[in-house]
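The values are calculated or read from the model by the stated rules, or taken from the named source; none is laboratory data. Please read all numbers here as calculations on a predicted model, not as lab measurements. Please note: Cβ atoms are built from the backbone with ideal geometry, for glycine as well, and neighbour counts cover all protein chains shown. What goes into the accessible areas is simple: the full protein's heavy atoms, side chains included, and nothing from ligands, DNA or RNA. Shrake-Rupley method; radii C 1.70, N 1.55, O 1.52, S 1.80 Å.
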Amino acid sequence: MTTPSARPQRVPARTPQDHARRSAIADAAAGASGLPDAPLPHPGTLTPEQQRGAACVWCAAPLRPGVTDIDLGPRRWRPRDGAPVAWFPRTCPDCYYLQGGQ
């Protein structure tokens, strides 16, 4: 005995409101640190630990993400001779306040 095959459910099309909501959420997450538009160090000058968020972008102190850090939001960077890469700047609380964070 065979069973009728189940039809896959259709995913509703995304509306402009969905895109606006997602954009607002992303903007809020990017600005969630409360840090004014202080310039970050250029990613090419940072260590791999600083680029991936395991060390403070300013003082290079080791961080425990989610415990002793402040996330500055993911960024994109295109090295002169390569494809775009993501980097994840984080800072220690001391540098955060020195840079004008609230």
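Table for the structure above
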read-out	value
Cross-chain or 6+ apart pairs with Cβ under 6 Å, the stretch 62-83 first and on the phi < 0 side of the Ramachandran plot, then hydroxyl-bearing (S, T, Y) and surrounded by 13 or more Cβ atoms within 10 Å (Cβ to Cβ)	I70/S33; I70/T91; I70/Y96; L72/S33
Looking only at the stretch 20-50, and only at residues there that are closer than 18 Å to Y96 by Cβ, open to solvent by 30 Å² or more (accessible area, probe 1.4 Å) and under 13 Å from the mean Cα position of the chain (by Cα), the one that is modelled with the lowest pLDDT	A29
